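The values are calculated or read from the model by the stated rules, or taken from the named source; none is laboratory data. None of the values given here were measured: they were computed from a predicted structure. FYI the Cβ positions are ideal-geometry reconstructions off the backbone, even for glycines, and counts take in every protein chain you see. Surface areas here come from the heavy atoms of the whole protein model, side chains and all, with no ligands, DNA or RNA. Shrake-Rupley method; radii C 1.70, N 1.55, O 1.52, S 1.80 Å.
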Protein chains: 2
Amino acid sequence: MSSEENALSVVALGGVNEIGKNMYVIRYANDILVIDCGSKFPDESLLGIDVIVPDITYLLENKDKIRALIVTHGHEDHIGGIPYVLKQLNMPIYATRLTLGLIEVKLREHGLLGSSRLKTITADSALRFGSFKVSFFSTNHSIPDCLGIALNTPEGTVVHTGDFKFDLTPVNNHYPDIHKMAALGRKGVLLLLSESTNAERPGFTPSERVVGEHIEEAFSKAEQKIFISTFASNVHRLQQIVDASLRFGRKLALLGRSMVNVVDVAVELGYLRLPEGMLIEPTDVNRYSPNEVVVLCTGSQGEPMAALSRLASSNHRQLEVHRGDTVILAATPIPGNERNVARIVDNLYEIGAKVIYGSGSVTGMHVSGHASQEELKLMLTLMKPKYFIPIHGEYRMLYQHRILAESVGVEEDNIFIVKNGDVVDIEQGVASQRRKITTGNTLVDGLGIGDVGHVVLRDRKHMSEDGVLIIVITLSRADSKILSGPDTISRGFVYVRESEGLLEQVNRIAASSLDKLLEEKVNQWSTYKMTIKDEVGKFLWNQTKRRPMILPILIQV
Amino acid sequence: MSSEENALSVVALGGVNEIGKNMYVIRYANDILVIDCGSKFPDESLLGIDVIVPDITYLLENKDKIRALIVTHGHEDHIGGIPYVLKQLNMPIYATRLTLGLIEVKLREHGLLGSSRLKTITADSALRFGSFKVSFFSTNHSIPDCLGIALNTPEGTVVHTGDFKFDLTPVNNHYPDIHKMAALGRKGVLLLLSESTNAERPGFTPSERVVGEHIEEAFSKAEQKIFISTFASNVHRLQQIVDASLRFGRKLALLGRSMVNVVDVAVELGYLRLPEGMLIEPTDVNRYSPNEVVVLCTGSQGEPMAALSRLASSNHRQLEVHRGDTVILAATPIPGNERNVARIVDNLYEIGAKVIYGSGSVTGMHVSGHASQEELKLMLTLMKPKYFIPIHGEYRMLYQHRILAESVGVEEDNIFIVKNGDVVDIEQGVASQRRKITTGNTLVDGLGIGDVGHVVLRDRKHMSEDGVLIIVITLSRADSKILSGPDTISRGFVYVRESEGLLEQVNRIAASSLDKLLEEKVNQWSTYKMTIKDEVGKFLWNQTKRRPMILPILIQV
């Protein structure tokens, strides 16, 4: 990355100009530390892709210099890439207990747990990796056990906030360590990397405790069963749901694999207090009277295969929602998910359920886990950094964060809005951004990591819109006469029974195009194929205004 | 629809349990009136579909009874289906001048203008169709010249509100005719059909005039070019943009086909006052200094091919946005469009533009055209209907509207939440819902209306996720020996160069499956194909965890 052996270099392999797949690399001389290794979900243009992870070409090229992967917290956009990356690059992983617990679940699923090197740290840990001295500070977020990281280097101190908010009344009484942050700022921070997810949002994000109050209120009014859905990883909210259930004498059943996984890990590690005998199996729910049960389930974002969606469309294997039951969606729909969530609410209303849904700012059933503008300014004020790189956010969020940084006194020229792969070098106290390294999206489809490229996606898109038409012709090797065909097979174009006439015409056009070329003694198969494709394509566009993928297949026997 | 010859029957062919493709049928004895004929856009599951229109089977079966299509206003969800329906069913169309003007644009594009029968009406028209006496009342909405409809029948009066809000300070000074509505209510309304789009929203929708004030303020601060994007059909907002441009001495250029179309029609018919010489060609924009020009463009919903999206990604043919220009998105993103809009904002910020974006309730740059809860209650109070059917909305909206109706005194049992096709019959003053007629979605793909069915869509979906694998084998007719192949061609599965080994294995598996069947003297081609499909499918799932569509093609020569 750096030709300058004694420079400090910082680069994002993922996480800027996007939400998700966070991965940051900090290098000093021959030592590289990696912070986070996330994944993100594909948008609708990436047909058939399961998940996206960072392109780690740079790390593979510098394997020998990598000292550790440090993980700030256990959300997918910070740990989701680990199994895919670890298959190529077995770094030691440092994280807090809960974060490691969640990473272990993933590694076990991928059969990697045995070979991985996991090291537990706390906010009080102090580590040394070559020229780096690393310390941590506690932050709040929508999952417990989050860390900010301070990296002391010969050039100065780099601080990475991870995701954070300032929840001054946290559910688990683990307060953000403002004093440690202030101490870092007082000693001098060379470079701050701070998260930008809510940089567009004015004010101060409410405490998670607010949600608990609304849950209690809703529980107090419910006369029958209560179904409540939220992000499985929000252990604080799970705790508040447990507490409210306890208070109203209700047992708790869990639905959804990720909910069961997180509760298992969180209870085992002591992050979730769940009284003995409180948890019941979903199959036992109907043995209790409706006002004695709460069902806690996945699917608050409208995921079509998750528990809530199945319950709403009355096709869950084990349970059903009845008229008069209360259903709480304790999550604001993320942009892109509104339609799926709306479909669920429609279905629940049709059943006759009482539904609490919509934006958390209206229902009180959700607060963000990310710092709003006043909190971002507070972090910047505490750290007083010389240089600033806004991270975790799309461009407009980074841009708004830049404006916030300027408003609290960071020099305009000392703020770098970077793209993934843009290297910021700091040498003798002076930062510059002039170099790039290779990075990008690695697409995961099934077992394939990075084997689905542009061409494959383009073809999927093409076929998804107008289908495919396969035209098979067999020619004699001896005299190039047509032995069979053209036979046309279509999929996803038009329903065959309704369009036999059309496909017969396609056969005729293909045959006559080929005959003409054979007569003219053209002897190039690529020309045969191209001509058939063009002629049939033109005909179909005129007839149908559609452009299916046309695949002429010529066989010589 | 009704076997009861003297019953009044009401049914939606589209518009309930959905937003879009509104179409309502009112029948009394042998007379049918149709209200609206809209279209809607497909969701992402309907791959390759351009537009959805109502299934009009019922109307085709009752052609001889249809007296008229009455259109409430000129939005796509009320007029978009007309060209497709008119091809099968040439009804006379009654609408106000602006609405007809917009319908004419559509009919011209489809070559149907000559054969259609268009009749201009006003809010003061009184029409008679068989047993129906029809009158109208003025309403406000986000397009001028909107009508509510009162249908007087032997059973009583049916009122259809169309889309509406109560804008008591409308931009064009065309007030909602509250007195006429009150008079209808006083005389007695048997059945009210009222729109439900904003039934989830508390309060009273602000006047469109509010947007004008914010536009003026933004214009007063702009130092360079102004780009402003909004819904082309919102003539009120266009007028306010024209007025603000005039006030600040700026010329106006239009970008985007629908913007040019609507402005043409609205100016010609006198709905938009545009001073002589104010409009300039996009190609002339750069002849003026930046502070002398406003560019009014389409694409406020982030549509990837529209003007704003092209401008933001710096690939518009004629114009570009420069650092320091002001770009206003005068529209709240509709759920589902946020990501595309966000991409545009990101790109504009990267250019260095000043961008005004986000929810209209924050920016003041958008107000809804639909009645909020207090307005819906006002309409219900004015009409005092005996029976009520909430229309225009997804289930939860209809449900909330029902609660509003109950709150102002409509009897619970007299409210019908219906599905498309559910017939409400009223006979001797008593309403019931017991019958259904055929209706649904007609999918338009290119020139095909309704020829893309479930199978085609399923195939498109399948191919979009994992692609297609075509395995071609030629057999000898004489002795069933393999003459050529298996040859495997893949598209959208894996990129071929990276997976030659995999496809060779597929060929081997296909060959050995076939050989085995030939040895066993199995002589059914369907068995050959099924076996190859199964064996190759199993192999690929194990190797890749993907399930491409597998098409074995066997040819005998």
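Worth pointing out:
- Across peptide B:347-356, the mean count of Cβ atoms from other chains lying within 10 Å of each residue's own Cβ comes to 2.
- Computed accessible area, A:Lys516, all protein chains, 1.4 angstrom probe, square angstrom: 130
- Within chain A, helix-based [θ] at 222 nm, where runs of 4 or more DSSP H residues each add -39,500 (n - 2.57), nearest 500: -9500 deg cm²/dmol
- Residues losing 10 Å² or more accessible surface upon assembly, segment B:380-398, compared with the chain by itself, 1.4 Å: B:Glu394, B:Tyr395, B:Arg396
- Over 25 Å apart at the Cα level, from the set A:Lys40/B:Lys461; A:Lys40/A:Lys180; A:Lys21/A:Lys106; A:Lys40/A:Lys384, are A:Lys40/A:Lys180; A:Lys40/A:Lys384.
- Taking the centroid of alpha carbons for each part, segment B:1-59 and segment B:370-413 are 21 Å apart.
- Apolar share of the accessible surface for segment B:28-132: 47 percent from carbon plus sulfur atoms, 1.4 Å probe.
- For segment B:194-353, the mean projected area of the C-alpha convex hull, equal to one quarter of the hull surface, is 10.2 nm².
- For the pair A:Glu411 and A:Gln428, the difference between a 0.36 nm per residue extended length and the Cα-Cα distance amounts to 4.3 nm.
- Entry comment: accessible area of segment B:209-363 is 43 Å² per residue, from protein heavy atoms only and a probe of 1.4 Å.
- Sulfur and carbon atoms: percent of accessible area, segment B:262-370 [1.4 Å]: 49
- Principal-axis tilt of helix B:178-187 within chain B, Cα atoms, nearest 10 degrees: 90
- Averaged over its residues, segment B:454-556 has an accessible area of 50 Å² per residue, based on protein heavy atoms and a 1.4 Å probe.
- B:Leu118 - accessible surface, heavy atoms, 1.4 Å probe, Å² rounded to 10: 50
- Buried surface for the B/A pair, taken as the accessible area of each chain alone minus that of the pair with a 1.4 Å probe, is close to 5200 Å² in total.
- Bridge type composition, the protein assembly as shown - antiparallel percent by DSSP, nearest 5: 55
- What separates the B:Lys133 label point from its copies, with the point 7 Å along Cα to Cβ, is 9.5 nm, written shortest first.
- Largest to smallest in accessible area, the residues B:His322, A:His236 fall in the order B:His322, A:His236 (1.4 Å probe, all protein chains included).
- Backbone HN-Hα couplings from phi across segment B:289-305 [Karplus 6.51/-1.76/1.60, Hz, Gly and Pro as x]: 6, x, 7, 10, 9, 10, 10, 9, 9, 7, x, 5, 9, x, 3, x, 9
- Stokes-Einstein diffusion of chain B at 25 °C, 0.890 mPa s viscosity, Kirkwood radius from Cα pairs, rounded to a whole number: 92 µm²/s.
- To the nearest ten degrees, helix B:235-247 and the longest principal axis of the Cα atoms of chain B are 70 degrees apart.
- Phi-derived couplings, Karplus 6.51 cos²θ - 1.76 cosθ + 1.60 at θ = phi - 60°, listed residue by residue for segment A:444-450: 10, 10, x, 8, x, 10, x Hz, with x used for Gly and Pro.
- Centroid-to-centroid separation of segment B:212-282 and segment A:143-205 [C-alpha atoms, Å]: 47
- Charges were assigned to the Cβ only: +1 to each Lys and Arg, -1 to each Asp and Glu. The resulting dipole of the protein assembly as shown about its Cα centre is roughly 780 debye.
- Debye log10 I(q)/I(0) at q = 0.22, 0.23 Å⁻¹ for segment A:25-119, Cα point scatterers: -1.14, -1.22
- Remark: segment B:1-72 carries 29 Å² of accessible area per residue (probe radius 1.4 Å; ligands, DNA and RNA excluded).
- The C-alpha atoms of chain A define a longest principal axis, and helix A:373-383 lies at about 60 degrees to it.
- Over the protein assembly as shown, all Cα pairs binned in 10 Å intervals from 0 give whole-percent P(r) values of 2, 9, 15, 19, 20, 18, 12, 5, 1, 0, listed from short to long.
- Remark: spin-label model distance A:Lys436-B:Leu89 equals 5.6 nm, labels positioned 7 Å along the Cα→Cβ axis.
- Over chain B, Cα pairs under 8 Å with separation of 6+ residues give a relative contact order of 15 percent.
- Copy-to-copy label distances for B:Asp413, where each label lies 7 Å from Cα along Cα-to-Cβ, are 8.2 nm in order of increasing length.
- Of all accessible heavy-atom area on segment B:454-556, the percent that carbon and sulfur account for (1.4 Å): 47
- Directionally averaged projected area (convex hull, Cα atoms, segment A:376-465), nm²: 9.0
- Geometric descriptor of segment B:454-556, per residue, is 96 Å³ (volume of the convex hull of the Cα atoms).
- Position A:Asn286: other-copy label points at 7.2 nm, ordered by increasing distance, label point 7 Å along Cα→C-beta.
- Segment B:39-173: proportion of alpha-carbon pairs further apart than 24 angstrom, %: 36
- Contact with the other protein chains removes 10 Å² or more of accessible area, compared with the isolated chain and a 1.4 Å probe, from these residues of segment B:475-494: B:Leu483, B:Ser484, B:Ile489, B:Arg491, B:Gly492, B:Phe493, B:Val494.
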